[in-house]
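Engineer: Pasting in a structure now, in structure tokens, and then I'll have a few things to ask.
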Amino acid sequence: MSDARSTQTLPSASPVTSSARATRLRFAAFWGLPPLVWQLAFFVVPLGFLVAMTFWSVKSFRLTPDATLANWTFILNAGFFRNAYVYTFWLAGLTALLASLIAFPAAYTLAFRLQPATRRFLVFMLVVPFFTSYPVRIYSTQIFFSPQGIINAALHPLGLGPISVLNSPTGTVIGYLVLTLPLVVLLQTFALMNVPKTLIEAAHNLGCGRLRTILTVIVPSARIGLVVAATFAFVLAFGDYVAPLYLGGSKPPTLSILIADQVKSGNHWPRASVVAVIMILTLVAVMSTMLALAYGRRGAKP
Amino acid sequence: MNEFDDKITDFRALLHPLNRRRFMQGASALAGAAAIGASAVPETAYAQDKVLNLLCWPGHGDPAFVKPFEEKYGCKVVAKEYVGGEPMLALMNQSPPGTFDVVLADAEYIGMLAQSSLIDKMDPADYPLADYWPEFQKFGPHWVNESLYSVLIRFGYLGIAYRTDVLSEKDVESYKVLWDDKLKGKLGFFDWYLPTMGCLSLYDGNKAPFDISAEAFDKLKKTLFSLKPQASGFYSMADQFSMLTNGTAAAIPGVGDWVVLLLQKNGVPVSATVPKEGGIQWTESMSIVSSSTKKDLAKAFIQYASSPEGQARSAILPSYWASIPNKKGWDLLIKDHPAEAKALRHTFDARNVMDEYKDGRIHIRQTPVKQSIEEWNDVWSEFKSM
């Protein structure tokens, strides 16, 4: 211990400094290694396995290690894959946009208009949906929207409906919103709360209207958080299996359903892996684009 | 500087407790725990001895069916469930030897299982085949090279299941109704290529619906694809029940009594029929898995399932009902559950399921003969994504 103390006054004593550095390194390793090992064991290794499997083949329902490109050429040339890809991408993008637009007024109110105590309570309420598992929430949504369900029963006396949402892209998007909306509101709220109040006050003092303040001061200042929230919505919706199956009726199927179908119908894990790898690449591309958009330099605007 | 270094020394104090010696102590404690766990293994192994592992369609491990067997043999039936023959083949091919003792499969897959030596030859004398309806005493698909590989437990017919408040009995006399305007956006599909494409192949006029030429296959593709505007969705087993009940689907081709009988019991206005072009027969039968270490118990289970009591209980399985081939099972069903026997058309004094069979419009479901399973599957995938 006394050695360590003395180094503080003698930074040039190299052997002791390196011991301090080693300590610091050990410290970092102690706290940093477990998550790293976890990620290696349960993400990187399986990911490598997934990529390797795209080159395997299936012989009479048995997986056989191989080095074939057949799975890639098959999937990339399959019409149903292209349809599903375009459809999934479009729906996930739509969900990100809708979730962002619907969430913004709520997040704005939470961040700027409410007493801290009320805000804490409502933020807590936004966490409550996560208490129940997601498939259960989707199943109950299915009951809500069934032709004789609660929603149509409520619309009927008003002379409206019946609305038919199940087994359609609308159903899928509603399911995606069930999944993403609470999270997007939360992320947007935190983003807006971090906008310096002084900026908003300055805008008001300079005679800037409320809408203009939102568009030119608040949104640009909270840009990173808003973009991250939308990206999260996209990522979650893009890979979701439950909503398109139970609310969308697989009509048409999304990429995640395609993965399940390939496994179900012919034990075709290699083809399913190809779809999965393409999905991962897509998400990496979308994430990098969105992060570039979030952190990139803002265009010089007057 | 001083402040920061102080903090780091503090953390060092935190770090040091986990030096190598402590770590080894922890590891040995873990190893000890593992050893204690290991000593508990013989007990588990004993329990394992009394477990019959069954690979089956959903519901066959239901106490309503297996309880008398479990009580008689002091064992437990553990069911691993699958939907569709291909997942079953995958599980049979990929599970470690000894995972399953009995497999319940559809007739069309028995040949494949036998050829891959995944199931054992059986002695016909061990089972009450003489009590079966004559049509099922020597059921073709279960015999490979004159040897029996599987015992028929249940069967049913596939045609169209429909809501009676949307379609009339007259409407569903032909598969043509599937294209009817009344079903626009209301035609559900069971998400498995084989039964649906089989029924449509019959509509196309193929005498052997699964043994079709390349041109007929092309035509079948077109027939299937032309149904797309009618489609309401592609359902799992359980979803079919809820979609017919809530009316999202007004009709589903390629299914039959197995879907509607339970719903009728609950008052849902549904019915099933075999249109004039014909229907497909599905079957469920049990085989002994070659790698099983409990073959005597497996044999006893299949004996129970084919006995009158097992048959009668199996017919009204809570997950879905089915016809049974054992005539003595019919007797028992009529005696104990007359209403259910009537709903299943398992009576001797009225037109029954065997009369329908004798009409010659029922075709045994097969896997594709001239094309590969994969080709049919790919058409189905394409259809779904249109």
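Engineer: So for segment A:225-239 (the condition being of a type outside the set (A, V, I, L, M), part of a helix (DSSP H, G or I), away from chain B (no Cβ under 12 Å) and over 18 Å from the mean Cα position of the chain (by Cα)), does at least one residue qualify?
Structural biologist: No: segment A:225-239 contains no residue that is of a type outside the set (A, V, I, L, M), part of a helix (DSSP H, G or I), away from chain B (no Cβ under 12 Å) and over 18 Å from the mean Cα position of the chain (by Cα).
Engineer: On to the next question. Which condition number in (1) modelled with pLDDT under 95; (2) within 14 Å of chain B (Cβ to nearest Cβ) is the one that A:LEU114 fails?
Structural biologist: If we test A:LEU114 against (1) modelled with pLDDT under 95; (2) within 14 Å of chain B (Cβ to nearest Cβ), just (2) comes out false.
Engineer: Looking at segment B:315-347 only, could you name the residues that are part of a helix (DSSP H, G or I), within 20 Å of B:ALA272 (Cα to Cα) and of a type in the set (Gly, Ala, Ser)?
Structural biologist: B:ALA315, B:ALA339, B:ALA341, B:ALA343
Engineer: So, B:VAL259, is that one touching a residue at least 24 places away in the same chain (Cβ under 8 Å) and assigned to a helix (DSSP H, G or I) or not?
Structural biologist: yes
Engineer: From the residues in segment A:77-95 that are farther than 17 Å from A:GLY248 by Cβ and in contact with a helix residue (DSSP H, G or I) (Cβ under 9 Å, 6 or more places away or on another chain), which one is surrounded by the most Cβ atoms within 10 Å (Cβ to Cβ)?
Structural biologist: Checking each candidate, the answer is A:PHE81.
Engineer: If you check A:THR198, A:THR213, which single one turns out to be surrounded by fewer than 16 Cβ atoms within 10 Å (Cβ to Cβ), of a type in the set (Val, Ile, Thr) and more than 30 Å from A:ARG137 (Cα to Cα)?
Structural biologist: Details: A:THR213 fails: surrounded by fewer than 16 Cβ atoms within 10 Å (Cβ to Cβ).
Exactly one residue qualifies, and that residue is A:THR198.
Engineer: Right, next: Would you mind listing the strands (runs of 3 or more DSSP E) fully within segment B:81-196 where at least 1 residues are buried (at least 17 other Cβ atoms within 10 Å of the Cβ) and in the same structural domain as B:PRO269 (by TED's automatic domain parsing)?
Structural biologist: Numbers: elements: B:102-105, B:151-163, B:187-190.
Because the criterion is at least 1 residues that are buried (at least 17 other Cβ atoms within 10 Å of the Cβ) and in the same structural domain as B:PRO269 (by TED's automatic domain parsing), the strands (runs of 3 or more DSSP E) in segment B:81-196 that meet it are B:151-163, B:187-190.
Engineer: Restricting to segment B:136-178, give me the number of residues that are touching a residue at least 60 places away in the same chain (Cβ under 8 Å) and within 22 Å of the chain's Cα centre (by Cα).
Structural biologist: Final tally of qualifying residues: 19.
Engineer: B:SER242 - would you say it is closer than 23 Å to B:VAL172 by Cβ, at pLDDT below 95, within 14 Å of chain A (Cβ to nearest Cβ) and in a strand (DSSP E or B)? Please lay out each step first, then the result.
Structural biologist: Values: closer than 23 Å to B:VAL172 by Cβ: yes; at pLDDT below 95: yes; within 14 Å of chain A (Cβ to nearest Cβ): yes; in a strand (DSSP E or B): no.
Judged against the criteria, B:SER242 is not a match.
Engineer: Here is a further query. Step by step: first the residues of segment A:246-277, then only those that are farther than 16 Å from B:PHE383 by Cα and in contact with a strand residue (DSSP E or B) (Cβ under 9 Å, 6 or more places away or on another chain), then the one that is nearest to the other protein chains (Cβ to nearest Cβ). Which residue is that?
Structural biologist: A:ASN267
Engineer: A follow-up question, please. Could you tell me whether any residue of segment B:367-386 is assigned to a helix (DSSP H, G or I), touching a strand residue (DSSP E or B) at 6+ places or on another chain (Cβ under 6 Å) and under 16 Å from B:PRO195 (Cβ atoms)?
Structural biologist: Yes, because at least one residue in segment B:367-386 is assigned to a helix (DSSP H, G or I), touching a strand residue (DSSP E or B) at 6+ places or on another chain (Cβ under 6 Å) and under 16 Å from B:PRO195 (Cβ atoms).
Engineer: Something else about it: Does segment B:215-228 include one or more residues that are of a type in the set (Phe, Trp, Tyr), touching a helix residue (DSSP H, G or I) at 6+ places or on another chain (Cβ under 6 Å), buried (at least 16 other Cβ atoms within 10 Å of the Cβ) and more than 14 Å from chain A (Cβ to nearest Cβ)?
Structural biologist: no
Engineer: B:PHE65 - would you say it is more than 12 Å from every other protein chain (Cβ to nearest Cβ), of a type in the set (Phe, Trp, Tyr), assigned to a loop (DSSP other than H, G, I, E, B) and under 26 Å from B:ASP191 (Cβ atoms)?
Structural biologist: no
Engineer: Next question, about the same structure. Could you go through segment A:197-208 and let me know if any residue there is away from every other protein chain (no Cβ under 14 Å) and within 20 Å of the chain's Cα centre (by Cα). Quick ask: steps written out before the conclusion?
Structural biologist: Step one: list which residues in segment A:197-208 are away from every other protein chain (no Cβ under 14 Å), which gives A:197-208.
From what's left, within 20 Å of the chain's Cα centre (by Cα): none.
No.
Conditions (1) in a helix (DSSP H, G or I); (2) among the small types (Gly, Ala, Ser); (3) under 30 Å from A:ARG210 (Cβ atoms), marked per residue:
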residue	(1), (2), (3)
A:ASN71	yes, no, no
A:PHE74	yes, no, no
A:PHE80	yes, no, no
A:THR88	yes, no, no
A:ILE102	yes, no, yes
A:LEU126	yes, no, yes
A:ARG137	yes, no, no
A:GLN148	no, no, no
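Engineer: Which ones in segment B:140-163 are over 16 Å from B:ALA272 (Cβ atoms) and of a type outside the set (Gly, Ala, Ser)?
Structural biologist: The answer is B:PRO141, B:HIS142, B:TRP143, B:VAL144, B:ASN145, B:GLU146, B:LEU148, B:TYR149, B:VAL151, B:LEU152, B:ILE153.
Engineer: Report yes if some residue within segment A:99-106 is away from chain B (no Cβ under 14 Å), surrounded by fewer than 19 Cβ atoms within 10 Å (Cβ to Cβ) and closer than 30 Å to B:LEU113 by Cβ; otherwise report no.
Structural biologist: Within segment A:99-106, none of the residues are away from chain B (no Cβ under 14 Å), surrounded by fewer than 19 Cβ atoms within 10 Å (Cβ to Cβ) and closer than 30 Å to B:LEU113 by Cβ.
Engineer: Mind listing whichever residues of segment B:197-212 are buried (at least 22 other Cβ atoms within 10 Å of the Cβ) and without any contact (Cβ under 8 Å) to a residue 60 or more places away in the chain?
Structural biologist: Passing the criteria: B:LEU200, B:SER201.
The values are calculated or read from the model by the stated rules, or taken from the named source; none is laboratory data. This one's a predicted model, so the numbers in the text were calculated from it and none came from an experiment. No Cβ is skipped: glycine too gets one built from the backbone with ideal geometry, and neighbour counts run over all protein chains shown.
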